[in-house]
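**Q** Below is one structure. I have some questions about it.
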Amino acid sequence: MSDFVAPEGPSVFKRIIDGEIPSEVLFQDDLCFVIADINPSAPTHLLLIPKQEIPRLVDASEEHKSLLGHMMLVAGDIARKFGIQDAFRLVINNGEGAGQTVFHLHMHIMGNKKFNEADLGN
Ligand code: 5GP
């Protein structure tokens, strides 16, 4: 059982979804959307974000199974679209201790960078 308490108020991604913060949407469908990370850690650094609010991966459950599967396929499509299909990294930070700063589930899609095999960070 987790004692995690999500920070109060809408996350920055929810505010983007609600149109309160302008952001260039690079792709979207009914379930998710993609924006460029505002503080990129790689030359190509995109964020794939579900429209449904789930604070962390660990908060997802059976009902989110098809959404999560869908996002994995979208991640591959986006990698192809941005020409990084042969070398990209997909990262989900779960929890503050792992570097999660926005408590609305998201996948980092990073490419065009030389990855160090030993370093699984971003
Ligand atoms: P986390 O650290 O939670 O895994 O990732 C959150 C990411 O969101 C960070 O890489 C951060 O740079 C990015 N980010 C935070 N605020 C904004 C914003 O307003 N716009 C965009 N495009 N990215 C943001």
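The values are calculated or read from the model by the stated rules, or taken from the named source; none is laboratory data. Model, not experiment: these values are computed from the prediction. FYI the Cβ positions are ideal-geometry reconstructions off the backbone, even for glycines, and counts take in every protein chain you see.
**Q** Looking for something near the ligand (Cβ under 9 Å from one of its atoms), in contact (Cβ under 8 Å) with a residue 40 or more places away in the chain, closer than 18 Å to PRO7 by Cβ and out of contact with any Phe, Trp or Tyr (no Cβ under 9 Å at 6 or more places or on another chain) - is there at least one such residue anywhere in segment 44-54?
**A** There is no residue in segment 44-54 that is near the ligand (Cβ under 9 Å from one of its atoms), in contact (Cβ under 8 Å) with a residue 40 or more places away in the chain, closer than 18 Å to PRO7 by Cβ and out of contact with any Phe, Trp or Tyr (no Cβ under 9 Å at 6 or more places or on another chain).
**Q** It is to be established whether one or more residues within segment 72-84 are more than 11 Å from the ligand (Cβ to nearest atom), closer than 30 Å to ASP3 by Cα and modelled with pLDDT of 95 or more.
**A** yes
**Q** For the subset of segment 104-122 comprising residues that are within 16 Å of PHE33 (Cα to Cα) and in a loop (DSSP other than H, G, I, E, B), which member is nearest to the ligand (Cβ to nearest atom)?
**A** HIS106
**Q** Considering only segment 85-122, how many residues are among the acidic types (Asp, Glu) and modelled with pLDDT under 95?
**A** 2
**Q** Among the residues of segment 1-25, which ones are aliphatic (A, V, I, L, M) and part of a loop (DSSP other than H, G, I, E, B)?
**A** Within segment 1-25, MET1, VAL5, ALA6, ILE21, VAL25 qualify.
**Q** Among the residues of segment 55-66, write down those that are under 22 Å from ALA6 (Cβ atoms), part of a helix (DSSP H, G or I) and over 13 Å from the mean Cα position of the chain (by Cα). Explain how you work it out, then say what you get.
**A** Of all residues in segment 55-66, those under 22 Å from ALA6 (Cβ atoms) come to 55-65.
Subsequent filtering for residues that are part of a helix (DSSP H, G or I) retains 57-59, 62-65.
Residues satisfying the conditions are VAL58, ASP59, GLU62, GLU63, HIS64, LYS65.
**Q** Out of curiosity, is ASP30 away from the ligand (no atom under 14 Å from the Cβ), assigned to a helix (DSSP H, G or I), farther than 30 Å from ASP3 by Cβ and out of contact with any helix residue (DSSP H, G or I) (no Cβ under 7 Å at 6 or more places or on another chain)? So that I can check it myself, show each step before the final result.
**A** On the way: away from the ligand (no atom under 14 Å from the Cβ): yes; assigned to a helix (DSSP H, G or I): no; farther than 30 Å from ASP3 by Cβ: yes; out of contact with any helix residue (DSSP H, G or I) (no Cβ under 7 Å at 6 or more places or on another chain): yes.
Judged against the criteria, ASP30 is not a match.
**Q** Could I ask something else about it? Please tell me if LYS51 is of a type in the set (D, E, K, R) and either surrounded by 17 or more Cβ atoms within 10 Å (Cβ to Cβ) or farther than 18 Å from ALA75 by Cα (or both).
**A** no
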